Amino acid sequence: MRRQRPASLRHRARYVFDRTLARSTGALLGWLAVCCLVIVVPVSTLLVWTDPQAPHSLSERLIVVWRTSAETLRLGGVTGAPLRMLLSVFLGLIALLCVSTLVGVITTGLGDRLEELRRGRSAVLEQGHAVVLGWSDQVFTVVGEMVLAQAGRVRGAVAVLADRDSTEMAAELETTLGMSCGVRIVCRTGAPTDPAALALLTPAAAHSVLVVPADDDDADAEVVRALLALRALLGTRAGPPVVAAVRDDRFLAAARLAAGPQGVVLDVESTTARLLVQAARHPGLVGALRDLLDLAGAELHVVHAPDAVGLTFAEISLRYERWCAVGFLAADGRALLTPTCQARFGPGDRLIVVAEDDRTARPMPECAAVDLTVMADPGDQQHGHSKTLLLGWNRRAPLIMDLLSRTARPGSHLHVVTGPDDGPVTAGLTDGERVTVSHYVGEPTRPDTLRTLDLSGYDSVIVLGPDTGPPRARPDDQTLLTLLALSALEEEMGRALPVVAELGDHRTLALAPLGPESDAVVRGELTSLVMARISQNIGMSAVFEELFATRGGALALRPASQYVLPGRVASFATVVASALRRGECAIGYRAHDACTPRRNVGVSLSPGKAERRVWAPSDEVLVVTSPDAEAHAPGAAPGERRALPGMLPESRRNSGGAPAPGPAHE
């Protein structure tokens with residue numbers, strides 16, 4: 001056995017010192033006194049012995065050393081009998097103790113006050129500010145949009161309340177959002193379910209209140225409690241509009257009851273599922289949706305248009321230069337998107353448009369006339385059956401399968417691949433009238449599993465991650481591994497795959513290995529943008545309900561060749577008129593070449609209708625699609641939807657009359 005070397009003197013001394021310090025406060029004070037004396041007394045002695053004017057006798061020099069040391073330690077400098085010197089030391093220690101105690105009390109009080117201020121416990125004395133309750137990955141999108149909305153105000157402010165340290169929240173928001181455009185971001189620490197904590201944000205004076213769900217399992221219950229706390233604080237007073245979101249539709253009814261008549265509650269899970277399905281069918285649609293819903297640039301507006309009363313929807317669509325009309329908002333709050341061409345704008349209605357702002361638009365110049373010679377033949381709008389691959393499983397998978405089964409063409413096929421640890425996935429795995437469903441158990445993250453599939457035969461691939469990850473892992477880790485495996489197969493096949501992936505963290509988006517035909521949907525991002533838009537205009541809730549919920553997603557990117565002849569010069573007004581013939585509303589376009597991924601090319605929203613350009617085969621038009629024409633206009637004659645100004649159906653031209661005036665919703 002190897003003999004242990006004896007400890008050195010330095011280690012022994014350090015061990016004795018550490019053991020002594022651990023005994024009590026008195027031992028610490030004793031060591032402090034010894035260390036002070038070891039330093040002060042020798043230095044005082046050296047000062048005296050090196051002083052040319054020091055006394056010559058040893059006793060007098062020792063007295064000077066005593067006085068110098070005592071003054072340094074604030075013990076007094078009394079000389080004389082030993083008793084007097086001891087009493088002087090005692091009084092000095094008492095004075096030092098009193099002063100130290102006083103300094104400690106003041107320091108502790110100031111520290112507690114600074115800690116309270118640092119944690120954000122003072123009331124927010126703002127007017128017309130935005131209030132955000134809760135903390136999750138959605139909060140960055142919500143706060144960023146609220147900063148843009150508050151930028152035009154004189155004293156714009158966004159107040160955030162969450163059960164987190166206020167300085168940490170402020171640091172994360174500043175790091176993620178960057179510049180705040182002169183808008184103050186105020187963070188307060190407290191539970192959003194506590195009325196006393198809510199009162200710090202003065203919600204009664206706010207312009208709007210937004211409640212975001214957290215990332216834990218009790219998030220939806222906390223949203224309901226926060227809405228009830230808000231009601232308890234405001235009482236029967238008419239407060240600001242309240243917009244909230246829940247992750248589980250089982251809490252949707254309770255949250256809407258708690259929000260009251262002034263509240264709007266959105267469903268994050270169903271909205272994400274719809275976006276995934278739409279993005280799978282229309283590559284590049286995710287970026288177009290971000291451009292349409294954020295507060296930067298053109299977006300959806302509900303505007304008053306008194307000069308349009310009595311006009312048909314087709315006339316209104318081609319009347320304004322910078323407004324792209326998509327429907328009417330009736331006086332009773334019902335939204336009517338893509339009405340028939342002959343539906344008339346009635347008194348009390350408002351116009352739903354895509355525009356830079358809600359200011360009055362000027363009429364379109366005469367030079368932007370519609371050129372019928374370059375319009376493409378509408379042809380048959382029916383599409384063939386689709387083949388979709390779903391990799392992974394989570395709570396949104398049954399919603400995605402339900403949407404696919406209800407909206408796909410008859411004869412479509414859905415292939416689901418889930419891992420062995422995904423648990424029971426029987427929900428939604430039955431064949432529908434339109435879609436045949438098949439299920440395969442394998443690991444989507446392994447290239448060997450994906451090689452057994454004919455990936456080149458799928459029209460779209462949807463990648464889902466688990467709701468919760470294993471210990472020391474994040475849910476997005478599995479999605480990243482699956483995307484890496486798909487990227488490797490893309491290189492082997494030499495073909496880009498149409499992949500759309502679901503991510504839970506917006507920071508993962510920069511890490512995702514996406515191919516040229518791939519895109520990613522950040523869970524809750526679309527809902528956050530919709531929440532921000534509704535908070536600025538509560539009437540937009542009916543528009544988004546119709547746009548995303550009722551129709552399951554009414555936006556589409558279509559080749560420009562379906563509207564105008566490729567290689568020909570045409571105005572955007574011609575594209576709008578051609579879309580009207582198909583029962584659609586053109587609201588923008590995207591010009592790109594085959595070498596640039598669609599997700600990296602922005603969409604030009606609401607361009608001037610007088611804008612003329614050569615339309616390439618690779619260009620795409622962003623449209624608001626329409627269900628069956630008869631669904632919105634009972635009794636409408638076939639072909640009435642395709643009628644344009646000056647192109648009335650034959651029956652109307654022979655009768656010599658126009659449709660009877662009246663609101664579009666009659």
Considering each of G134, G182 in turn, give the residue that is on the phi > 0 side of the Ramachandran plot and touching a Gly at 6+ places or on another chain (Cβ under 8 Å).
G182
Can you spot a residue in segment 605-615 that is modelled with pLDDT of 90 or more and crowded, with 16+ Cβ neighbours inside 10 Å?
yes
Could you go through segment 349-361 and let me know if any residue there is hydroxyl-bearing (S, T, Y), surrounded by fewer than 17 Cβ atoms within 10 Å (Cβ to Cβ), modelled with pLDDT under 90 and under 30 Å from G539 (Cβ atoms).
yes
So for segment 180-187 (the condition being in contact with a Lys or Arg (Cβ under 9 Å, 6 or more places away or on another chain), free of Cβ contacts under 8 Å to residues at least 60 places away in the same chain and among the charged types (D, E, K, R)), does at least one residue qualify?
yes
Tell me the residue from G539, G524, G494 that is crowded, with 23+ Cβ neighbours inside 10 Å and farther than 17 Å from T445 by Cα, please.
G524
May I ask you to list the residues in segment 584-593 that are surrounded by fewer than 23 Cβ atoms within 10 Å (Cβ to Cβ) and assigned to a loop (DSSP other than H, G, I, E, B)?
A591, H592, D593
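The values are calculated or read from the model by the stated rules, or taken from the named source; none is laboratory data. Just so it is clear, the model here is predicted, and its values are computed rather than measured. When we count neighbours, we look across all protein chains shown, and the Cβ atoms used for this are built from the backbone with ideal geometry, even at glycine.
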